[in-house]
Structures are given as C-alpha cells and as structure tokens.
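Chemist: Before anything else, here's the structure in question.
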Amino acid sequence: MGVVILLVMAAGVAAMLTRKLPTAFALVLLAVVIAFVAGAPLTGENSVLDTVLQEGAPALAATMIAIVLGSWLGKLLEETGVAGTLVRKIVEFGGDRPVVVALGVLAVSALVGTVTGSAPAAMLAGLIGIPAMIAVGIPKVTAAGTILMGIAVGIPFELPLWQFFSTALELPVPTVRGFMVKLFPFALVAAVLYVVVESRRRGVEHTWSLKSVQEKPRSPSRRQRLGDAPWYALLTPAVPLVLALGLELAIIPSLLAGVLYALVTTTRPREMNKRLLRTLHGGFEVAAPPIALFIAIGVLLAAVKLPGAVEALEPLVKAVSPQNAVLFVGVFTLLVPLCLYRGPLNVFGLGAGIAGVLISTGIYPAAVVLGMATSYNQVFGVADPTSTQTVWAAQYAGVSPQQVMVRTLPYVWAVALGGLCVTAATYL
C-alpha cells in the first residue's frame, strides 16, 4: 500500500509539472486518492468526506486570515505610495552609484517581503526599483534577481508564513519565530553577496529596454500625482514586525496594527472609509490564489495523517531518511533542486504532504521538518521559474525566468545549506 501511495504522489507531481492540473486541484485530488488507497471509509471517523475534506479544508484558516491581512496591507502600501516612495528615496540617495542603488532596492524589497510575498511583493519594490537599477547600469538579470533576493531576506519575517508553518506543522509560533531568526543572517549575507558579486562580475551595462513598460504604459497613480508619502508613513512595513518580533504580539493583531498605521498616517479622515473598503477588496483579489492553495494543502495534510496512510508509509520513508546529522545535511542539500518547478519538496505543493508524513510517522520531530521546509522555501521563493514573483520580475526586466534561476540558484542553495546545518545542529 505504501508503494501505491508513493506512486500516486509521483503521478501528482507529474500532473503539476506538466500543468495538466492547477496545483490546488492536483493536491485535493491527490489527497482523496491517498485516503481511498489508505483504506479510509467514505464517511465517519478518519474518512474521506468528514476528515479529509470537511476537517482538512479549514485546517489552515488562521494562515488564510493572515494572508488576507498581509495582502490588505500590501495594497495599502501600493495605493498610498509608501513602497514607491521608499524606492525613490533610495534611488535619489544612491545617485549614479549602481551597487549603492541596488543595495538600497534590496533593502526596500526585504521590507516589503516581510509584509506580503509572491508577485505583489515583487511589484511593490520592482515597478520603480527594476527600471532604476537598469538605468544606472545594473544588468537586467541582476536587477530582477536583486528584487527576488531582497524579498527572500524578508521571508524569514513574513508573518503569514510564520502562521502557516505554525499551523501546518503544529508548532508554537515562538518555535517558528526562533528558527526564522536563525535563518535570516544566511539570507541577508547571500543577498548582499549576490548584488556585489553579480554587479561587479558582469560590469555596468548602460542600456535600457523594458518591453513590459513600453507595451503596457501605466497611468500615474493618485499618490504619484500628489507626491511622496509622509516620512512617518514609511515606517509602516516595520510596524507589524516590531510588534510580532520585538513585543511578541500575536500575528493577526500585529498585521491589523500595520493596516491601521498605514491608514492613519496616509489618509485624511473623510477618505478613510472608502480607502479601507477599496484596499480590503483589492487585498482579497490578491489573496484568493494562495487561499485556494492553503485549502488544498490542509486537505492533503489531513489525508497523509490518516492512520492507514501513516502505517503504510512509515517503513518506506524511514528506510530512506538519514538520522545522522552530517548525512542529513548532505542528503537534503543535494535534494534542493527538488523544490524547483513545483517539485516534490516544494512546501507549497506536495512538499507539504511529505512534511506531514515525516512528522506523523515520527521519523523527524516537527522542528526538524520546519528547518527543512523553511530552508527549501528560501530557494523556491527566488529561483523557481514557475513561481509568480520570479516570472514577474524576470519579464518586467526583459529576461527569462530561467536566466534568473541560473544566476540566483547558487546563492539561495547556500542559504538552504546554512538552514539545514542549523537544523541538524539544533534539533538532531
């Protein structure tokens, strides 16, 4: 039975890789098939309908709420001009010094990455940041990669992500927060090295060709017409982070505080109601795809935790899972590419199911799985040519996602190695 479940998982990976099915649909279908193969009844206790679908779908509800709030805050940063102002100030400070401009845009991308992830984060920092970097001579591939590496620096402090790992792996938020803090220095060093090394290695390119801007001209927003956001509004991205990390406030209240701070510092009282509703609706549009994915992940986690699935998979997974710390780091570092192209170690795909199997079978403690998943996520969030932020940044810069992957992969692979070393040293 265990072999059959693994074959079903392999078929699911193939369906996602070939894009025969959207990831969320493939994960739900995979969960239902796994449940039936594991001998689950149609209804009742540990069943397909009542346990896998009914209980699994809302299992990550707290994460979904955090995603909505993060997207809402992201829309506020966009509409009020906070993100654009940050980038413009950095560009003005950097002047004609390419590396300084790129490092500044990197810093803004990291701040934005703490608020929201995926394509919205890339757009907030990249709409102005990518043209500015290319204009001062940063190569196009390096410019796109700078935005993505910056977002990756912010990922360890992305509050919705803390909530996801806390809920999915059944770990307290302080445990997730503690490991993310340890992962952050690796992401930061890799990002700075990327900007400095790639900018100097490839030299300054004084060319400008941005097809996406020429083909799709953007009309100036209201904030662009009125001017920059107030200086105190520029602190908005830091507000949730300070509350959640510094004061250890719960994640959802921290995000709500960020929303309120952005609103109060940028909006006149008579306009607050309209802006609140407008940006909230826009936030729901941005959050819809990840919410659908988190529903599917919850369903998949419920399926792989069924008693029949655990019993079938335990001996097989145990046989191929290294327990020695050195071997653990070596094996899982070599497997890093399996999180690319929606591969089996992508935590926002089948990787969530594999994480559930490793925990439910008792092969690794949940904290070890956390270290693995977050380390791989640093790679996926930057170098995966199928991820929305990578596709957007590459196309906006006028290069291919594969070119960005080739340039960024060595750096984020090193970040994953660092995360796995910390995991082995701390928890094994």
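Chemist: Which members of the stretch 17-43 meet the condition of being within 13 Å of residue 307 (Cβ to Cβ) and out of contact with any helix residue (DSSP H, G or I) (no Cβ under 6 Å at 6 or more places or on another chain)?
Modeler: The answer is 41, and nothing else.
Chemist: If only one of 147, 138, 128, 151 is surrounded by fewer than 24 Cβ atoms within 10 Å (Cβ to Cβ) and either touching a strand residue (DSSP E or B) at 6+ places or on another chain (Cβ under 7 Å) or in contact (Cβ under 8 Å) with a residue 12 or more places away in the chain (or both), which one is it?
Modeler: Matching residue, one of 147, 138, 128, 151: 128.
Chemist: For the stretch 16-40, enumerate the residues that are under 13 Å from residue 295 (Cα atoms) and among the aromatic types (Phe, Trp, Tyr).
Modeler: Answer for the stretch 16-40, where residues must be under 13 Å from residue 295 (Cα atoms) and among the aromatic types (Phe, Trp, Tyr): just 25.
Chemist: How about the stretch 1-46: which of its residues are at pLDDT below 90, within 17 Å of residue 317 (Cα to Cα), among the β-branched types (Val, Ile, Thr) and surrounded by 14 or more Cβ atoms within 10 Å (Cβ to Cβ)?
Modeler: Matches in the stretch 1-46: 5, 8.
Chemist: Now for a separate question. Answer yes or no as to whether residue 229 is more than 30 Å from residue 140 (Cα to Cα) and either at pLDDT 90 or above or open to solvent by less than 60 Å² (accessible area, probe 1.4 Å) (or both).
Modeler: Considered against the rule, which asks whether it is more than 30 Å from residue 140 (Cα to Cα) and either at pLDDT 90 or above or open to solvent by less than 60 Å² (accessible area, probe 1.4 Å) (or both), residue 229 comes out as no.
Chemist: Give me the pairs: first residue in the stretch 344-373 and on the phi < 0 side of the Ramachandran plot, second residue outside any helix (DSSP H, G or I) and acidic (Asp, Glu), beta-carbon distance under 8 Å, and six or more apart or on different chains, which are they?
Modeler: Here the result reads 346/384; 359/170; 366/170, each pair linking the stretch 344-373 to a residue that is outside any helix (DSSP H, G or I) and acidic (Asp, Glu).
Chemist: Still on this structure: Hey, which of the helices (runs of 4 or more DSSP H) in the stretch 79-180, taking only ones fully inside, have at least 1 residues that are among the aromatic types (Phe, Trp, Tyr)?
Modeler: Qualifying helices (runs of 4 or more DSSP H): 82-94, 159-168.
Chemist: Is one or more of the residues making up the stretch 156-163 in contact with a His (Cβ under 6 Å, 6 or more places away or on another chain), of a type outside the set (A, V, I, L, M) and either crowded, with 24+ Cβ neighbours inside 10 Å or within 25 Å of residue 85 (Cβ to Cβ) (or both)?
Modeler: Checked the stretch 156-163: no residue is in contact with a His (Cβ under 6 Å, 6 or more places away or on another chain), of a type outside the set (A, V, I, L, M) and either crowded, with 24+ Cβ neighbours inside 10 Å or within 25 Å of residue 85 (Cβ to Cβ) (or both).
The values are calculated or read from the model by the stated rules, or taken from the named source; none is laboratory data. The structure displayed is predicted, hence computed values, not measured ones. No Cβ is skipped: glycine too gets one built from the backbone with ideal geometry, and neighbour counts run over all protein chains shown. Each accessible area value is taken on the protein alone, full model and side chains, heavy atoms only, with ligands, DNA and RNA left out. Shrake-Rupley method; radii C 1.70, N 1.55, O 1.52, S 1.80 Å.
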